[in-house]
Amino acid sequence: MKELGELKHFLRLEIDRSNKGIFLCQQKYAKDLLKKYEMLKCKPIATPMEANARLCSEEGKDLEDTTMYRKIVGSLIYLTLSRPDIVYAIGVVNWFMQTLKKPHLEAVRQILRYVKGTIDLGLLYNKGGACKIVGYCDVDYGGDHDTQR
């Protein structure tokens, strides 16, 4: 074994230590993702998904290249390691993986535009502070257009 010093990068996760604590981000991974799917020069937006957006598996034209959609969603799922702000939006677009339509691809592009505008976000674990995790859930399965459950 060999001592390589403090950990800076691990599996495309960037680790930065400071007096405040440990900061985890995936800025380079996000830039590479945007570059790969030609969204690096897109106009950034403030939200990953429109408020009250309702996607349906029956509306819209079928996608010709479903492989690209699945690759983008898979890459975005990996980005959620340091970006919990996009987890809900990724979950929504992941729901329609079997019946892909044009509106689903547009929703994924909107998430990529949001990532472009918030590329420097990450997780800060405060040094010495109490760790308190708070989560909220707003379940609305009755609003599901496909199953009404």
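The values are calculated or read from the model by the stated rules, or taken from the named source; none is laboratory data. Note that the coordinates shown come from a computational prediction; the quantities given were computed from them, not determined experimentally. Every residue, glycine as well, gets a Cβ built from its backbone with ideal geometry; the counts of neighbours run over all protein chains shown. With ligands, DNA and RNA removed, areas are computed over all heavy atoms of the protein, side chains included. Shrake-Rupley method; radii C 1.70, N 1.55, O 1.52, S 1.80 Å.
Name the residues in region 43-56 that are surrounded by 16 or more Cβ atoms within 10 Å (Cβ to Cβ) and farther than 20 Å from SER82 by Cα, would you?
Narrowing region 43-56 to residues surrounded by 16 or more Cβ atoms within 10 Å (Cβ to Cβ): 45, 48-49, 55.
Hit for region 43-56 is LEU55, nothing else.
Given the condition open to solvent by 100 Å² or more (accessible area, probe 1.4 Å) and in contact with a His (Cβ under 7 Å, 6 or more places away or on another chain), answer yes or no: does some residue in region 4-17 qualify?
Initially, region 4-17 is screened for residues open to solvent by 100 Å² or more (accessible area, probe 1.4 Å), giving 4, 6, 8-12, 17.
In the following step, the residues that additionally are in contact with a His (Cβ under 7 Å, 6 or more places away or on another chain) were identified as none.
No, region 4-17 contains no residue that is open to solvent by 100 Å² or more (accessible area, probe 1.4 Å) and in contact with a His (Cβ under 7 Å, 6 or more places away or on another chain).
So in region 118-144, with the set limited to residues that are under 29 Å from LEU55 (Cα atoms) and open to solvent by 90 Å² or more (accessible area, probe 1.4 Å), which one is modelled with the lowest pLDDT?
Filtering region 118-144 down to residues under 29 Å from LEU55 (Cα atoms) leaves 118-122, 134-144.
Pick out the ones that are also open to solvent by 90 Å² or more (accessible area, probe 1.4 Å) and you get 120, 136-138, 141.
On the way: ASP120: 93, TYR136: 77, CYS137: 73, ASP138: 68, TYR141: 59.
Per the stated criteria, the residue is TYR141.
Can you find, within region 86-104, the residue that is most open to solvent (accessible area, probe 1.4 Å) among those that are under 14 Å from GLY60 (Cβ atoms) and of a type in the set (Val, Ile, Thr)? Let's see the steps before the verdict.
Within region 86-104, the first condition is being under 14 Å from GLY60 (Cβ atoms), and the residues that meet it are 93, 96, 99-104.
Right, trim to of a type in the set (Val, Ile, Thr) and you get 93, 99.
Values: VAL93: 0, THR99: 60 Å².
Filtering region 86-104 for residues that are under 14 Å from GLY60 (Cβ atoms) and of a type in the set (Val, Ile, Thr), the one most open to solvent (accessible area, probe 1.4 Å) comes out as THR99.
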Quick one: THR67 ticks every box in (1) among the β-branched types (Val, Ile, Thr); (2) under 30 Å from LEU124 (Cβ atoms); (3) without any contact (Cβ under 8 Å) to a residue 60 or more places away in the chain bar one, so which box is it?
(2)
Select from region 57-76 the residues that are closer than 12 Å to ILE90 by Cα and among the small types (Gly, Ala, Ser) and write down the one among them that is least open to solvent (accessible area, probe 1.4 Å).
SER75
Tell me, which residue of region 1-42 that is at pLDDT 95 or above and among the polar types (S, T, N, Q) is farthest from ARG113 (Cα to Cα)?
GLN26
